[in-house]
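Written out below as structure tokens is the structure these notes cover.
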Amino acid sequence: MVLWLFKQFRYLRSAAKSVDTPRQLAAGVALGMLLGIVPKGNLIAVFVSMLIFGTRVNAAAAMIAAVAFSLIAAYTDGLTHPIGNWLLAHPSLQTTWRKLYDV
């Protein structure tokens, strides 16, 4: 059992080192962060997953970031929801949201 776990970590390490450039690693982390923050049951999550596996980004870094940010987003949802609600309902920002919606 322990050897199997070490083997899995070795595969993960080799997948993380297979990236060619720091730009690909950063793109993987950024897409993983986006995947971790968006709700999982919609087409945005499917599209981001297709971007991760369809482009030359570090998929291992993307998946690690997605798991980490999914856990973080679950705990910070109680804090970020009132902030977003305040921004959307603030009277002075209503014209801004209307203009963005009309675009």
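FYI, it's all coordinate maths here, none of it is from the lab. Keep in mind it's a predicted model, so treat the numbers as computed, not measured. Every residue, glycine among them, receives a Cβ derived from its backbone with ideal geometry; neighbour counts consider all protein chains shown.
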Mind ranking 22-31, 90-99, 57-66, 43-52 by how tightly packed they are, going by the mean number of other C-beta atoms within 10 angstrom, highest first? 57-66, 22-31, 43-52, 90-99
Determine the gain in length on full extension of the stretch L3-T21; use 0.36 nm per residue of separation and subtract their C-alpha separation, reporting nm with one decimal. 3.4 nm
Could you size up the charge dipole of the chain around its Cα centre, putting +1 on the beta carbon of Lys and Arg and -1 on that of Asp and Glu, and report it in debye to the nearest 20? 360 debye
When N counts the residues of the chain, how does its alpha-carbon radius of gyration compare numerically with 2.2 N^0.38 Å, as a ratio? 1.42
Karplus-derived HN-Hα couplings along the stretch 94-99 (A = 6.51, B = -1.76, C = 1.60, θ = phi - 60°), whole Hz, x at Gly and Pro: 4, 5, 5, 5, 5, 5
Inter-label distance, nm, simple model (7 Å from Cα along the C-beta direction), K99/L71: 4.2 nm
Note, ³J(HN,Hα) from phi for the stretch 2-8, Karplus 6.51, -1.76, 1.60, rounded to Hz, x at Gly and Pro: 5, 5, 5, 5, 5, 5, 5
³J(HN,Hα) computed for each position of the stretch 34-45 - Karplus, 6.51 cos²θ - 1.76 cosθ + 1.60, integer Hz, glycine/proline x: 5, 5, x, 8, 6, x, 7, x, 9, 6, 5, 5
